[in-house]
1. Within the group 181, 169, which residue is of a type in the set (S, T, N, Q) and buried (at least 19 other Cβ atoms within 10 Å of the Cβ)?
2. Among the residues of segment 216-244, write down those that are under 19 Å from residue 84 (Cα atoms) and over 14 Å from the mean Cα position of the chain (by Cα).
3. For segment 25-41, which positions are touching a helix residue (DSSP H, G or I) at 6+ places or on another chain (Cβ under 6 Å) and modelled with pLDDT of 85 or more?
4. Out of (1) over 13 Å from the mean Cα position of the chain (by Cα); (2) closer than 16 Å to residue 195 by Cα; (3) not β-branched (Val, Ile, Thr), the odd one out for residue 121 is which?
5. Conditions: (1) within 22 Å of residue 217 (Cα to Cα); (2) surrounded by 12 or more Cβ atoms within 10 Å (Cβ to Cβ); (3) of a type in the set (A, V, I, L, M, F, W, C). Residue 8 meets all but one. Number of the miss?
6. Would you point out which residue out of 238, 196, 171 is of a type outside the set (Phe, Trp, Tyr), over 15 Å from residue 98 (Cα atoms) and at pLDDT 95 or above?
7. Does at least one position in segment 25-37 carry a residue that is out of contact with any strand residue (DSSP E or B) (no Cβ under 9 Å at 6 or more places or on another chain), of a type in the set (Asp, Glu) and farther than 21 Å from residue 234 by Cα?
Amino acid sequence: MNRIHAVLDSFGSAVTLAWRAFASLPSAPRILKRTAEHGYYGGYTTLPIVTILSFFIGAVLALQAGITMRNFGAKDLIGILVGASMARELGPVMVAILLAGRVGSAVTAELASMKVYQEIDALETMNIPPPRLLVLPRLLAVLVVMPVLTIAGNIVGWFGGAIVCHSVSFISVSPEAYFNSITRYLEMQDILDGLIKAEIFGFVVMLIACNTGLRTRGGPREIGFAVTKSVVTSLIAILVLDYFITKALA
């Protein structure tokens, strides 16, 4: 019962925090610089790891598909299998997990430190709402960078699959046939569904990170516990939401 109460309390706190943050949206032009800074940190600095992992995920997908499909004479369909898998599922999920591990953890640590060392209380004393100054710029930034990271991951993953299909002898699918399969069968709605997932995942991950950081109580030891809680909660939320969003978009 205590566990359920804690979950509901955290959920209600997160919803309230999001409401208070977006209630400050009319003041967004005054925080554009902070939004751009968070977008740079969350987007540009995360792009290298996204491209590396996407490349090898696309390559492994193509290799596994080639091993299976060579027995059924369907090697020309490897392109659409890799393309649809990256666009609809693996692209947005992988980017969201990286966001939780790299950016979400850092945000939680920063805000938890500010809370523990009473910097949040100082802001409130100066009549500066923390949701407006600390939360809203991060939420706006993640909504901007998530589609960019996801599209970049998809494209790099597709090229990773194409290289494997062309270079592995028992697959031997030309890049022309591979990309022709993607362009022929992959629909724009598949890509849009993936971008919708990415936006929701990114928003939820950042909201969890901010909420967990601002709710930290105790001393410096609690900062590490808050980071762990934030990342674990974000990963669970991504997978649970993935199921329901996929079902809703089907």
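1. So the residue among 181, 169 that is of a type in the set (S, T, N, Q) and buried (at least 19 other Cβ atoms within 10 Å of the Cβ) is 181.
2. 243, 244, listed by residue number.
3. Passing the criteria: 34, 35, 38, 39.
4. So residue 121 meets the others, but not (2).
5. That leaves (2) as the condition not met.
6. Working: 238 fails: over 15 Å from residue 98 (Cα atoms); 171 fails: at pLDDT 95 or above.
Of 238, 196, 171, the one residue that is of a type outside the set (Phe, Trp, Tyr), over 15 Å from residue 98 (Cα atoms) and at pLDDT 95 or above is 196.
7. Checked against the condition, which is being out of contact with any strand residue (DSSP E or B) (no Cβ under 9 Å at 6 or more places or on another chain), of a type in the set (Asp, Glu) and farther than 21 Å from residue 234 by Cα, segment 25-37 yields at least one hit.
This table checks each residue for (1) charged (D, E, K, R); (2) closer than 19 Å to residue 52 by Cβ; (3) crowded, with 19+ Cβ neighbours inside 10 Å.
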site	(1), (2), (3)
74	no, no, no
78	no, no, yes
95	no, yes, yes
101	no, yes, no
111	no, no, yes
118	no, no, no
125	no, no, no
136	no, no, yes
141	no, no, yes
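The values are calculated or read from the model by the stated rules, or taken from the named source; none is laboratory data. Source: prediction; values computed, not measured. For neighbour counting, all protein chains shown are included, and Cβ atoms are generated from backbone atoms with ideal geometry for every residue, glycine included.
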